[in-house]
Structures are given as C-alpha cells and as structure tokens.
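To start, the structure under review is shown below, and the notes come after it.
The values are calculated or read from the model by the stated rules, or taken from the named source; none is laboratory data. Just so it is clear, the structure is predicted and the values come from calculations on it, not from any experiment. Using ideal geometry, Cβ is built from the backbone for each residue, glycine included, and neighbour counts are taken over all protein chains shown. Note: areas computed on protein heavy atoms with side chains; ligands, DNA, RNA excluded. Shrake-Rupley method; radii C 1.70, N 1.55, O 1.52, S 1.80 Å.
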Amino acid sequence: EAQVTQNPRYLITVTGKKLTVTCSQNMNHEYMSWYRQDPGLGLRQIYYSMNVEVTDKGDVPEGYKVSRKEKRNFPLILESPSPNQTSLYFCASSPGHSSYNSPLHFGNGTRLTVT
Amino acid sequence: TQLLEQSPQFLSIQEGENLTVYCNSSSVFSSLQWYRQEPGEGPVLLVTVVTGGEVKKLKRLTFQFGDARKDSSLHITAAQPGDTGLYLCAGVGGYQKVTFGTGTKLQVIP
C-alpha cells in the first residue's frame, strides 16, 4: 500500500532533550516536506526537500533540522526542543517537480508535547 | 510569505443544507488544491484547479478557481454527516511551494 509513515504518533518530552521524528515513503517520491499544524494557523511548512541531499527552509524552520540521505526517508530533528514546539507535525511527499497535478500525500501525524 | 485566508473558520449546519467555503489571497498561484482532513489523520487531496475561472465538480462538491487565480471557493450541496471535517485550501507557487490556508472546520449535524 502506498503510504507515508511517521513515527512516533505521540511523543511527550522535556525541554532540551533531543528528539527525532522519522518519516518514510514507499512511492519513490522526489519531494518531501514537514509541516506543523496549530489551531487557527493552518499548516505551516518547516523544511522541504526536492531530492536526495537537497533540503531547504520553509516558513518556520527555526529550532528544526532535517536530512535527506535516502530518497525514502526524511527525518525531522529537534536538537533542543522548547514548549513552543508543542504541535501536531505532518510529513508529506509528492511525485516530482511539476506542481500542478502533484498532490501531497500526508502521514498520519505526530503529536508532540514539550514540557 | 504568501497568505491564504479561509472563511468561515467554523461552520455547523444541519444535514441537507448547502454551504460555501471561501479561500482568499492577495497572491497569484499556479494552481490551487483543496484537502479534507479528518481527526487523527493527515489531509487528503480532493481536487486541484489550474486555470483561472475553472470549475470542477466532485459529486456534491463544486470547486471554483477565481479568474485572477488568487481565490477559490468550495460549495457543498445537500451536506451529509460524512462531509464533516477540516477543509484546507492550498495555493501552489513556484518550486512546488505549497501554502496552506487557515482551514474551515465543518460539522454536519444529522
């Protein structure tokens, strides 16, 4: 089954403790992206990757890191989490550079709480 | 940063009623996508509109892209409880940059 898999689904951690949220897709998609979703703010892009070893900042990159060593994986790293990073996070992928008919395929989300 | 404002933010209606959700921006987009998100899941694409003035129908849902490609609307006819969810518009710009709207939470009461 074609899917984007995020882990974990739920995570509670403390301020400053490094964490990684994994994302993997099995559709051979070139494009991958991370979003955070907060009430009243919609989905905001954190980082995106057009292909292996190519990553770029989105609208809210501060406090986050990503890597794209393999096509299928795009982990999100919080080196020193803070309470304002408490949010619902989504990983998404799409086929390629042409955006017109390239839907984003989303994972089921990771709910992160930083105390 | 391109911004997309959706209205209304919340909508609670009775089964069988019609409704329209609006998505507005001051920016021009190459195309516009509409997604629906249900609790505990990621958004799922409903439709993509590409041409200014384009109208697409998906059963009881009608999507329209504004002539200037800055705004869009979603009209639902005879809403059903299964239509309940969060509706998100998303403008697609250069380099596959996708900007999401603020969302409209729809509740259809049986």
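Packing-wise, with mean Cβ within 10 Å as the measure, how do B:26-36, A:63-73, A:7-17 rank, highest first? Before the final figure, lay out each step's value.
On the way: B:26-36: 19.9, A:63-73: 15.5, A:7-17: 11.9.
For the peptides B:26-36, A:63-73, A:7-17, the packing ranking is B:26-36, A:63-73, A:7-17.
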- Message: Residue by residue through A:79-87, how many Cβ atoms from other chains fall within 10 Å of the Cβ on average?
- Response: 0
- Where the centroid of each part is defined by its Cα atoms, how far is region B:54-110 from region B:1-36 in Å? 5
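Return one whole number: the accessible area per residue of the protein assembly as shown in Å², for a 1.4 Å probe.
Values: 10610 Å² over 225 residues.
On a per-residue basis, the protein assembly as shown sits at 47 Å².
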- Message: I'd like the Karplus ³J(HN,Hα) series for region A:30-46: coefficients 6.51, -1.76, 1.60, θ = phi - 60°, whole numbers in Hz, and an x wherever there's a Gly or Pro.
- Response: 7, 9, 9, 8, 10, 10, 10, 10, 10, x, x, 10, x, 9, 10, 7, 9
- Message: Please list 3J(HN,Hα) in residue order for region B:81-92, calculated via the Karplus relation 6.51 cos²θ - 1.76 cosθ + 1.60 where θ = phi - 60°; whole Hz, with x for glycine and proline.
- Response: x, x, 7, 4, x, 9, 9, 10, 9, 8, x, 9
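If you take each beta carbon of peptide A:47-54 and count the beta carbons of other chains within 10 angstrom, what is the mean?
Averaged over the peptide's residues, the number is 1.
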- Query: Which value, in debye to the nearest 20, describes the size of the charge dipole of the protein assembly as shown about its Cα centre when Lys and Arg Cβ atoms bear +1, Asp and Glu Cβ atoms bear -1, and nothing else is charged?
  - Reply: 400
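Please arrange A:Val52, B:Val92 by accessible surface area, largest first, computed with a 1.4 Å probe and ligands excluded. Mind dumping the intermediate values first?
Details: A:Val52 50, B:Val92 0 Å².
So the residues, ranked largest to smallest area, are A:Val52, B:Val92.
Using the Cα centre of chain A as the reference point, and only Cβ charges (+1 on K/R, -1 on D/E), how large is the resulting charge dipole? Debye, rounded to the nearest 20.
Numbers: 12 positive and 9 negative charges, 58 e Å.
Its charge dipole is roughly 280 debye.
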- Note on the structure: Out of A:Tyr48, A:Pro103, B:Leu3 - ranked by how far each Cα lies towards the positive end of the dipole of the protein assembly as shown, with unit charges on the beta-carbon of charged residues - the top one is A:Tyr48
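Carbon and sulfur atoms: what percent of the 1.4 Å accessible area of the protein assembly as shown do they account for? Display every interim value, and only then the final one.
Details: 5390 of 10610 Å².
Roughly 51 percent of what the probe reaches on the protein assembly as shown is carbon or sulfur.
Just counting partner chain Cβ atoms within 10 Å, what average do the residues of peptide A:39-46 show around their Cβ? Before the final figure, lay out each step's value.
Details: counts 4, 3, 3, 13, 12, 3, 5, 0.
Shielding by partners across A:39-46 averages 5.
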- Query: Residue farthest toward the positive end of the dipole of region B:1-84, with Cβ of Lys/Arg at +1 and Asp/Glu at -1: which of B:Gln14, B:Gln33, B:Ala79?
  - Reply: B:Gln33
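Run the dipole for region A:56-113 about the Cα centre, Lys and Arg Cβ at +1, Asp and Glu Cβ at -1, nothing else charged, and hand back the magnitude in debye, nearest 20. Intermediate results must be reported in sequence, preceding the final value.
Values: 7 positive and 5 negative charges, 49 e Å.
Around 240 debye, computed over region A:56-113.
Under 11 Å from the Cβ of A:Asn26, count the other residues' Cβ atoms, weight Lys and Arg +1, Asp and Glu -1, and hand me the total. Please list the in-between numbers first.
Numbers: positive: A:Lys71, A:Arg72; negative: A:Glu1.
Summing Lys and Arg as +1 and Asp and Glu as -1 gives +1.
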- Once phi for every residue in region B:49-62 is put through the Karplus expression 6.51 cos²θ - 1.76 cosθ + 1.60 (θ = phi - 60°), the whole-Hz ³J(HN,Hα) values, with Gly and Pro written as x, are 10, 10, 9, x, x, 5, 10, 10, 10, 10, 6, 8, 9, 10
